[in-house]
Amino acid sequence: MHSIEDALLTALEQERKLSEERALLPGILQHDLANVLCQVSLSASMIGTARDEDERARCLRDLQGGVKRMTDLLTGMRLLFLTRGGAGDFAPGDLAAFITTLVREPGVWPAGAPITLDLPETMPTSFSPLLLRHALVNLIGNAVAYSRGTWVRVRLAKASESGWQLAVANGGPGIPIDHQPYLFDLAPGKIATKLGSSGLGLYIARTCVRFHGSTLRVRSREKMTVFSFHVHGVQHDAPARENRGQAMFAA
């Protein structure tokens, strides 16, 4: 009897995971690509009204960055489709360098608080650039948008001998505690945050993090919200690249 129940539970779990994988692609298309199209359209319209060459050059950089982001998204969605989620681009890399390059890339982030980095000099580990990019673009983008111009910080902190915690934190009003259990759900009529987000980006982020074998967690209160998950890497004692901003609590 137990073996039949175990087999049934395993089948149900596999069906749930398959449903999530199938929902990931339309979610990315609806949310991530729509956001980039909006930024590209905005940058294109601002070029014609730029007041000087510096502003025109900045708009052009944002436009070119947005076009690159759209190309990356479409390429990534094709890879996700061919591999049924979980992506096939897992490889050893420097996670700290990857995050730094992503944060400094033009045409990705909405206007708002600057993004402060608190990262080790290097952090060798195996990860999927495609999936991690989707996760961080959503987490950092939300942090910038909802910080209300206060502060945003991305931090890699040692959590164990070989484990690290990657956390994205921001100031702002925080997430109501009664909304937090529903943040990562993908369902019609789900409860939105008081700032009006549908949470689709958080569903995408959570799924990408789960494909990395980790769990995306959130802790929030007035003036501070932290999304975090764990990654495994090589331990070292190199100094941080940047170490500015408010202290963060572990999620």
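All of the numbers you see were taken from the coordinates with simple rules; none came from a lab. Note that the structure is a prediction, hence the values are computed from the model and not measured. Cβ atoms come from the backbone with ideal geometry, glycine included; neighbour counts cover every protein chain shown.
Using the Cβ-Cβ distance between Ala57 and Ile177 with R0 set to 45 Å, the FRET efficiency works out to roughly 0.50. Note on Cys38 and Asp89: their simple-model spin labels are 2.4 nm apart, each label 7 Å out from Cα toward Cβ. You can think of it this way: the chain between Asp185 and Ala111 has 24.0 nm of extra reach, that is 0.36 nm per residue less the Cα-Cα gap.
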